[in-house]
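Structure, as structure tokens:
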Amino acid sequence: MFERKIYNKLLQWKNDTNGSKAILIEGARRIGKSTVVEEFAKNNYKSYILIDFSKATQTIKDAFYNMLDNLDLLFMILSVSFDTPLYQRESVFIFDEVQCFPRAREAIKHLVKDGRYDYIETGSLISIRENTKNILIPSEERSIRMYPMDFEEFALAMGENMLISYIKKCFEEKKPLHDHLHKKAMFLFKQYMLVGGMPKAVDKFISSQKQFLQCENEKRDILKMYRDDIHKIDRRYKAKVLSVFDQIPAFLSQHEKRVKINSISKVDSSIDYEETFFWLSDSMICNECFLSTDPNLGLSLTEKKNYLKCYMGDTGLLLTHTFDETTENPINYHKELLADKLSINKGMFFENIVSQMLVANGHKLYFYTRYNEEKHRNDIEVDFLLTSGNKVSQKLIPIEVKSSKSYKVESMLRFVDKFKDRIDKAYIIHPKNLSIREDGIICIPAYMTFCL
């Protein structure tokens, strides 16, 4: 059981709602939803019943169809079936993989109103329309998203609690780490890039004394499972989802990394491709980053949905996905990345992991680009745009990601000059230690991204 930040969100839900709302934890498959929820139930309730709807018996399913008007009988059947006593306001039901049985999610309205017990739902692909088209989504449900382990969670799993505290302190004080500890943190960060944040992959890495081969096999299994999920799509765009999923490394390896949807195919409908990217994002396999045409108050007001970047939700999976044909000697790229000698575009993995860490912190992703007619090329490209402050006094935070120690910042300087009245602060994320340039741009090491 790894320490996960969502545990505290579950505590907050329990204390704030006192049974007035169920909570739905939504996330991609294999990110540890069931594990953390069951651990929470063990520690905070007198008893719990976990119903895994991916393998629930017909008797259990029939009870949800036939006994919602007699909850005493429903609770008795569930208590007997799982050999677990129930205690009013001290027991919780866990509806695991609830997307497999939408009727249970619809029943939340009646169960919460009854008020005797608490309810936690977990699901993958939960908001995909195939799973919700015939049910009434309960208003008595609070939804939160869960992501793969972020760098802080990975470092804690590796026993680096003191290093994480030191990184946070240096970020707050805007001071560089001691050189030795900076090198240690960067090496740990590279391990995080390679392993990723899927708990089983992390567990394999730790239990095998930090060998990459076992966790690599685990990640291949997860990618195969994602492909199997795509094959189950009941829509005409199923083949396009699989095609785009397989092309994600190719999209990210391009210099601009972005995709113009209506230019992917001259034959197929661009609407189908919009559905394709929506599916990959909504399933939380991928993270979308949209073009903001005029960065200002409310980035969503100027987003252009047919220009986007499609990042993998987990960078460890992206690396395995990229090198999935390297089956004869699959660990070569691990050595190359750790030694800073990766022969292909290392920038795509740096940018992907920054996107992953920003999303895990609750940010919606946007980017900005400006085409210069005279130069016939883009003269401003900003990888990510965040906002600070509130809706009334919102400010921009532009971010550029640099994977090498030597780089240029002309694009960022042009952006800052163009939108200086709208900007709070600007960041460069790079492999070097923290520094603040004379022009005020803050340069932070990649491992500090989780502090933003």
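The values are calculated or read from the model by the stated rules, or taken from the named source; none is laboratory data. What you see is a predicted model, and the numbers here were worked out from it, not measured in a lab. Positions of Cβ are generated from backbone atoms using ideal geometry, with glycine treated the same way; all protein chains shown enter the neighbour counts. Ligands, DNA and RNA are excluded from the accessible area calculation, which covers all protein heavy atoms including side chains. Shrake-Rupley method; radii C 1.70, N 1.55, O 1.52, S 1.80 Å.
Listed conditions (1) modelled with pLDDT under 85; (2) not in a helix (DSSP H, G or I) are all met by Glu336, apart from (2). Number of residues in the range 344-364 that are open to solvent by less than 40 Å² (accessible area, probe 1.4 Å) and polar (S, T, N, Q): the value is 3. Answer yes or no as to whether Ile77 is modelled with pLDDT of 95 or more and more than 32 Å from the chain's Cα centre (by Cα). Yes: the conditions hold for Ile77.
Tallying residues that are in contact with a helix residue (DSSP H, G or I) (Cβ under 8 Å, 6 or more places away or on another chain), farther than 21 Å from Lys309 by Cβ and either touching a residue at least 40 places away in the same chain (Cβ under 8 Å) or crowded, with 21+ Cβ neighbours inside 10 Å (or both) within the range 378-396 yields 0. Helices (runs of 4 or more DSSP H) fully within the range 87-194 that include at least 3 residues being touching a residue at least 12 places away in the same chain (Cβ under 8 Å) and touching a helix residue (DSSP H, G or I) at 6+ places or on another chain (Cβ under 7 Å): 102-114, 151-157, 161-173. Please find, within the range 18-73, the residue that is most open to solvent (accessible area, probe 1.4 Å) out of those that are in contact with a strand residue (DSSP E or B) (Cβ under 8 Å, 6 or more places away or on another chain) and without any contact (Cβ under 8 Å) to a residue 24 or more places away in the chain. The selected residue is Lys42. Checked against the criterion of being at pLDDT 95 or above and open to solvent by 70 Å² or more (accessible area, probe 1.4 Å), the candidates Ile442, Ile428, Ile399, Ile436 yield just one match: Ile436.
Residues of the range 61-72 that are under 19 Å from Ser47 (Cβ atoms) and either among the aliphatic types (A, V, I, L, M) or outside any helix (DSSP H, G or I) (or both): Ala63, Leu71.
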